[in-house]
Amino acid sequence: MLAAKNERVLHILIAASIAVLGFVIYDSLLDKTVKVGDKAPDFSVKTEAGLNLSRDSFGGKVLIVNFWATWCPPCIEETPSLNALAKEYGPKGVVVLGVSIDKNEQKYKRFLERFGIQFAMTRDPEHKLADTYGTYQFPETYIIDRNGKVVQKVISNTNWNGPEIKSFLDNLLRS
């Protein structure tokens, strides 16, 4: 009788383990990547300037969230144009938020000084925010409209001062 009870408990444990494993596999196969048209995931970060920011704290402004790293050549290449865009479009209602995934804080800080970054910047060394957005390629940038909806996603570096981007932002600001 005791052997039968132990066998039944063992079967229940095996079944529960299989169910949990099945859920973990199913969940890992779901595409959690944020796409154009999705509501941007909320976040809360503290910037280098000491400001606490969230997706909803931009009060009617267009938000550009740029995931990057100091060891990423395309990220380095696009930084000057992103900096210039932030300077030009900040007064028009566009907020640029750089999210570095660098683990090494000294390299990160040296990068900020070297490039004279003029936009909000935060560090995400554990990839928590990057994972929330499903970001695994760098640079990867999300343009989020005033309603919190992702309206454009740019994977890889881009010239943020190009006429296509400026026209897109101008149209977005008018709508």
Practice item. Say whether the condition of being of a type in the set (Phe, Trp, Tyr) and within 19 Å of Asp56 (Cβ to Cβ) is met by at least one residue in region 100-109. Key: no
Point to revise | Residues satisfying the stated conditions in region 130-175, i.e. outside any helix (DSSP H, G or I), surrounded by 15 or more Cβ atoms within 10 Å (Cβ to Cβ) and among the aliphatic types (A, V, I, L, M) | key: Ile143, Ile144, Val150, Val151, Val154
Exercise for review: Being in a helix (DSSP H, G or I) and in contact (Cβ under 8 Å) with a residue 60 or more places away in the chain is the filter; apply it to region 89-129 and report the residue that is nearest to the chain's Cα centre (by Cα).
Suggested key: Leu129
Check your understanding: Is there a residue in region 113-124 that is closer than 15 Å to Cys72 by Cβ, touching a strand residue (DSSP E or B) at 6+ places or on another chain (Cβ under 8 Å) and among the basic types (Lys, Arg)?
Key -> yes
**Study point:** Failed condition for Gly37, given (1) under 17 Å from Asp145 (Cβ atoms); (2) of a type outside the set (S, T, N, Q); (3) assigned by TED's automatic domain parsing to the domain that holds Phe119
**Key:** (3)
Exercise for review: Within region 59-88, count every residue that is part of a helix (DSSP H, G or I) and of a type in the set (S, T, N, Q).
Suggested key: 3
Exercise for review: Would you mind stating whether Ala84 is loosely packed, with under 15 Cβ neighbours inside 10 Å, assigned by TED's automatic domain parsing to the domain that holds Phe168 and closer than 17 Å to Thr158 by Cα?
Suggested key: yes
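The values are calculated or read from the model by the stated rules, or taken from the named source; none is laboratory data. Keep in mind that this is a model prediction, so the values were computed, not measured. Cβ sites come from the backbone with ideal geometry, for glycine too, and all protein chains shown count toward neighbours.
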